[in-house]
Each structure stands twice: as C-alpha cells, then as structure tokens.
Amino acid sequence: MSASPVRPRKDQVRNRAALIGAAKEVFAERGLDAPFDAIARRAGLSNASLYRHFPEREDLLVELLLANLGRAGAALVEARRLDDGWAGFAHYLGWLFAEQIDNPAYLGALRAVPAGRSVPVDRLRDRLLVELEELIAAAKEQGRFRRDRWIEDVFLYLALNEKLAHGHADPHSASRRFLELALSALEEHGERAARSDAEPATVLALRRTLGSEVAGLPVVDG
C-alpha cells in the first residue's frame, strides 16, 4: 500500500504565492537580475524561505512563467470564442500589448527559460504558439488578415512594443497607439474606407510627451 503524498501546509502555499507575486513586481521594476533579497523583502519573508521554495533563480522564473502563460492561455480562449477570426486576433494582440506594459518582465522571462529547459513551460509555450497561428490562419481565411503578413511580423511588433514599457512617460498611451498602427498594417483593407481627419485619443494623449522624449520638444500641457 503506497503512502499518500504529503500536501504542503497552508502557510507554505501562501508564502510561495507571495514570493511569486513579489518576483513579478521586482523583476518588472529592476529586471530579471534583481537580487533575491529584494524579492524576499517585498514578500515579507526571509531569504531562507525564498531559497527553500526556489533554490535557483530559474526555478522562480519557471514558476512565474507558468502563471504568465496561464493568463495568456485564458486570453487566447476568449479570443477564439469570437466568431470573427480577425476580431479574435485583434483581441488577443491587444491583450498581449497591455500585458507587456503592465508586466514588463514577461517576454524577458520567456527568453531566460529557452526551449528545452522546462517541460511544463515548453508545453504551454508551444500550445499558445499553435493557437496563435490558428487564429491568424482563420483571419486570413476570412480575408481580414493580409496574406503577405506573417507571425514573424507579429513578433516584431511585440519586440518593439516591449521597448515602450521602459523609460517612457506614458507607456500605456504609446502602446495603445502602436497597437492601432500594428493592426492597421496587418489588416486586409481591400477598398480602403474613407479616412477621417479626426485624431484618435491615443494620438492626442501622446502629443503631450512624445515630441519631448524623441526630439526634446516642449511638453504640451492639456
């Protein structure tokens, strides 16, 4: 008769969750090389407690990635529920752009745990990639996603959007405007609708800061 597996105590589960939450915040603020003691302090725990749960930095990164990829999977499920392939793709890309700004260590953590280092991470990462490619294929089949645009173009936009999370006065407005530009470049317009001269809210928001940050122009009030 085999022994029953030992279940972790409630305080162990609570401490592990606190450490993962603290790591997400500290990595976003200070990068993936942030010292472990900063994470332990943020969680209100000792360094010894942190090392008991995560002996190596990669152990913590894997746990953080599994949580990140789980959220991405839930967003993809929502996107794939939409009847229109393009609407689903636009929904998911919007989620990814916002996630990169709110969780700047997301892609960095993926790069820090490359393929072949963690079976659970690889399994989730591969599944999300397949589902994203299926979403793009559905949008192309419906004639909404340009046939001369590819998933690598999506990766390029993600790489550029990631840069907006750091050192920008208003990264959320910049990312929302960049999302509009990315979707416009990826969408099949056919007979283009008449363009409006009205500036979207994202452009008006960026006008306050972007000229100053790019070319030293005065900051616009209001």
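With a ≥ b ≥ c taken as the square roots of the eigenvalues of the C-alpha gyration tensor of the stretch 1-103, please select rounded if a/c is under 1.5 and otherwise prolate if a/b is larger than b/c or oblate if it is not?
Verdict is oblate for the stretch 1-103.
Run down the lysines and flag those whose C-alpha is under 29 Å from the C-alpha of K24, throwing out any fewer than 8 positions away in its chain.
In chain and number order, the partners are K10, K163.
Return one number: the angle in degrees, 0 to 90 and rounded to the nearest 10, between the long axis of the Cα atoms of helix 171-186 and the longest principal axis of the Cα atoms of the chain.
That helix lies at roughly 60 degrees to the long axis.
Do you know the relative contact order of the stretch 10-55, to the nearest whole percent, from alpha carbon pairs under 8 angstrom that are 6+ apart?
That works out to 36 percent.
Using just the helices of the chain, give the 222 nm mean residue ellipticity in deg cm²/dmol: DSSP H runs with n ≥ 4 each add -39,500 (n - 2.57), and the total is spread over all residues, rounded to 500.
So the calculated ellipticity at 222 nm is -22000 deg cm²/dmol.
Taking +1 at the Cβ of each Lys and Arg and -1 at the Cβ of each Asp and Glu, which of P55, A198, W95 sits farthest along the dipole of the chain towards its positive end, judged by Cα position relative to the Cα centre?
P55
Based on Cβ point charges of +1 for Lys and Arg and -1 for Asp and Glu, what charge dipole magnitude is obtained for the chain about its Cα centre, in debye rounded to the nearest 20? Show your work: numbers first, answer last.
Working: 31 positive and 33 negative charges, 176 e Å.
So the magnitude is around 840 debye.
Scan the stretch 19-65 for GluC sites (Glu not before Pro) in coil per DSSP, keeping those whose Cβ has at most 11 other Cβ atoms within 10 Å, and list them by number. Please list the in-between numbers first.
Values: sites: E25, E29, E56, E58, E63; in loops: E56.
Those that pass, being in a loop and sparsely packed, are E56.
Where in the stretch 105-144 is the amide nitrogen less than 18 Å from a point lying 7 Å along the Cα-to-Cβ axis of D153?
132-144
Kindly list the residues of the stretch 86-114 that lie in the label zone of E141, defined by a backbone N under 12 Å from the point 7 Å along the Cα-to-C-beta vector.
Backbone N within reach: 86.
Quick query: amide H of F145 versus all other amide H atoms, modeled in the peptide plane; which residues come in under 5 Å with a sequence gap of 5 or more or a different chain?
So F145 has HN proximity to K140, E188.
In nanometres, what is the gap between the two model label sites at S184 and D221, each 7 Å from Cα along Cα-to-Cβ?
3.0 nm
What range in the chain is the longest one free of trypsin sites (Lys or Arg not before Pro) that are in a loop by DSSP and have at most 14 other Cβ atoms within 10 angstrom?
In the chain, the maximal stretch lacking such sites is 10-116.
Which distance in Å, rounded to a whole number, links the C-alpha centroids of the stretch 79-150 and the stretch 17-34?
Using only Cα atoms, the two centres lie 23 Å from each other.
Computed from the coordinates by the stated procedures, all read-outs in this text should not be read as laboratory data. For clarity, every value in this text was computed on a predicted model and none was experimentally measured. Cβ coordinates were reconstructed from backbone atoms using ideal geometry, including for glycine residues, and neighbour counts include every protein chain displayed.
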